[in-house]
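Worksheet for the structure shown next.
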Amino acid sequence: MASRTVPSQETMRSALGLACRAPSVHNSQPWRWKLAVHSVHLYLDRSRLLEIIDPTGREMVISCGAVLNHARIAFAAEGWRARVHRLPNPAQPDHLASIEFTELTEVDPHVETLAAAAANRRTDRRPFLADPVAQEVLAPLREFARLEDCTLSFALEDRERREVELAIQHAGAEQRDRPEYRQELAAWAGRHASAEGVPARSLPAEHLRGMPERDFALVAEGELPVPILDDGAVLAVLATRGDSYESWLAAGEALSAVLLSATKQRLATCPLSQVGEVGTARNQVRDQVLGGSGFPQMVIRLGWPVTSEFPGPLTPRRPLSEVVEPLFPRE
């Protein structure tokens with residue numbers, strides 16, 4: 001490969017490795033990268049579909065949007081601008097994006113800090129400190145979502161927060177009544193020595209009453225120590241104007257941008273996707289929090305970390321040999 005046309009194999013390996021640190025539903029990592037002579041292509045891996053909570057593949061596409069945004073940042077930090085063509089082939093809906101490259105004359109220091117955040121970011125399912133998060137910290141997060149054609153609405157009023165909490169509780173209650181949901185959750189939670197799924201070391205050791213969360217304690221025992229305190233997280237609703245593949249991909253890119261900006265500011269984060277999985281919960285958030293407009297895709301908990309061990313243990317990722325093909329062919 002000519003270095004002035006596309007990144008070297010070493011750069012490609014480094015950037016895609018960092019991109020795959022992106023969050024995904026239940027850490028399922030539902031993406032495949034295909035390398036071409038002058039471009040890189042992102043595909044949905046339907047073999048990793050969570051059929052019960054995500055029958056339409058919405059959360060898979062959101063997860064792939066997150067890995068796409070991570071890739072844009074990772075390549076930029078390596079000195080390459082990624083020119084993305086989203087959904088380039090209508091006849092192949094699983095072909096989510098193609099990326100071509102232009103070499104940069106210099107690397108933006110802000111991008112370097114975001115790339116560092118991508119390496120350090122992880123989901124923290126513990127309660128957060130009650131210390132308030134200032135508006136000057138939250139405002140950039142809203143702007144990063146807007147740049148990806150999404151909205152990020154903070155439930156700062158007591159009524160709005162209560163509506164979001166109730167919607168998450170209602171979604172959880174409806175899902176827990178389904179034996180197949182519990183089986184699927186158990187298949188992905190509480191794992192040990194696995195490169196996928198949610199490991200036990202990343203799950204709270206105690207059930208957290210009254211805190212918006214995914215009910216992993218229903219099926220798995222966590223190992224992460226949990227301090228006893230009320231959760232002080234800010235709840236933010238990530239929404240899109242539409243509800244198509246294009247919208248879902250944008251939601252994932254916005255999710256990545258918000259999480260990395262928050263991590264850069266030393267905030268702890270935890271995405272919660274239940275409100276998009278149950279129609280009644282989604283409608284409740286749309287009507288009571290968003291004023292009847294937009295499509296809620298997920299809720300993000302944001303706040304100050306509670307322990308000096310922040311940001312907690314990294315969750316594992318599959319090796320590049322399982323997600324990139326062909327694996328760095330001969331130049």
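Within region 144-158, restricting attention to residues that are farther than 23 Å from His70 by Cα and in a loop (DSSP other than H, G, I, E, B), which residue is nearest to the chain's Cα centre (by Cα)? Quick ask: steps written out before the conclusion?
Residues of region 144-158 that are farther than 23 Å from His70 by Cα, as a first pass: 154-158.
The next check asks that each one be in a loop (DSSP other than H, G, I, E, B); those that pass are 155-157.
Values: Ala155: 20, Leu156: 22, Glu157: 25 Å.
Here the answer is Ala155.
Kindly evaluate Glu157 against the criterion of being farther than 21 Å from Val25 by Cβ and without any contact (Cβ under 8 Å) to a residue 12 or more places away in the chain.
Judged against the criteria, Glu157 is a match.
Somewhere in region 187-202, is a residue out of contact with any strand residue (DSSP E or B) (no Cβ under 8 Å at 6 or more places or on another chain) and on the phi > 0 side of the Ramachandran plot?
Yes.
For residues in region 207-216 being at pLDDT 85 or above and under 23 Å from Glu180 (Cβ atoms), which is surrounded by the fewest Cβ atoms within 10 Å (Cβ to Cβ)?
Checked region 207-216; the qualifying residue surrounded by the fewest Cβ atoms within 10 Å (Cβ to Cβ) is Asp215.
Just wondering, is there one or more residues in region 65-74 that are crowded, with 18+ Cβ neighbours inside 10 Å and assigned to a loop (DSSP other than H, G, I, E, B)?
Within region 65-74 (the criterion being crowded, with 18+ Cβ neighbours inside 10 Å and assigned to a loop (DSSP other than H, G, I, E, B)), the answer is no, since none of the residues qualifies.
Touching a Cys at 6+ places or on another chain (Cβ under 8 Å) and within 26 Å of Glu277 (Cα to Cα): is that true of Gln29 in this structure?
yes
Scan region 279-288 and tell me whether some residue there is among the hydrophobic types (A, V, I, L, M, F, W, C) and touching a Pro at 6+ places or on another chain (Cβ under 8 Å).
Within region 279-288 (the criterion being among the hydrophobic types (A, V, I, L, M, F, W, C) and touching a Pro at 6+ places or on another chain (Cβ under 8 Å)), the answer is yes, since at least one residue qualifies.
Residues in region 293-331 that are part of a loop (DSSP other than H, G, I, E, B) and either among the aromatic types (Phe, Trp, Tyr) or at pLDDT 95 or above (or both): how many? Even if it seems obvious, please write down each step before you answer.
The initial filter retains those residues of region 293-331 that are part of a loop (DSSP other than H, G, I, E, B), namely 293-294, 304-319, 326-331.
The next check asks that each one be either among the aromatic types (Phe, Trp, Tyr) or at pLDDT 95 or above (or both); those that pass are 294, 304, 310, 317-319, 328.
Residues flagged as part of a loop (DSSP other than H, G, I, E, B) and either among the aromatic types (Phe, Trp, Tyr) or at pLDDT 95 or above (or both) within region 293-331 amount to 7.
Are any residues in region 165-194 small (Gly, Ala, Ser), outside any loop (DSSP other than H, G, I, E, B) and free of Cβ contacts under 8 Å to residues at least 60 places away in the same chain, and if so, which ones? Let's see the steps before the verdict.
Of all residues in region 165-194, those small (Gly, Ala, Ser) come to 167, 171-173, 186-187, 189-190, 193-194.
Going one step further and asking which of them are outside any loop (DSSP other than H, G, I, E, B), we end up with 167, 171-173, 186-187, 189-190.
Hits for region 165-194 are Ala173, Ala186, Ala187, Gly190.
For Ser47, indicate whether it is assigned by TED's automatic domain parsing to the domain that holds Leu35, in a strand (DSSP E or B) and modelled with pLDDT of 95 or more.
Judged against the criteria, Ser47 is not a match.
Do we have Phe128 as among the aromatic types (Phe, Trp, Tyr) and under 24 Å from Leu314 (Cα atoms) here?
The answer is yes for Phe128.
Condition (residue is modelled with pLDDT under 95 and more than 23 Å from Asp231 (Cα to Cα)) applied to region 273-291: is it met by at least one residue?
No, region 273-291 contains no residue that is modelled with pLDDT under 95 and more than 23 Å from Asp231 (Cα to Cα).
Of all residues in region 92-143, which are surrounded by 14 or more Cβ atoms within 10 Å (Cβ to Cβ) and in a loop (DSSP other than H, G, I, E, B)?
Passing the criteria: Asp94, Leu104, Val107, Arg121, Arg122, Asp124, Arg125, Arg126, Pro127, Phe128, Leu129, Val133.
Which one is nearest to Leu68 (Cα to Cα), of the residues in region 225-255 that are of a type in the set (S, T, N, Q) and buried (at least 16 other Cβ atoms within 10 Å of the Cβ)?
Of everything passing the filter in region 225-255, Ser247 is nearest to Leu68 (Cα to Cα).
Of everything in region 195-247, what is part of a loop (DSSP other than H, G, I, E, B) and within 21 Å of Asp158 (Cβ to Cβ)? Give them in sequence order.
Leu208, Arg209, Gly210, Met211, Pro212, Glu213, Leu229, Asp230, Asp231, Gly232, Ala233
The values are calculated or read from the model by the stated rules, or taken from the named source; none is laboratory data. Every value quoted in this text rests on a predicted model; they were computed, and no experiment measured them. We place every Cβ from the backbone using ideal geometry, glycine too, and count neighbours over all the protein chains shown.
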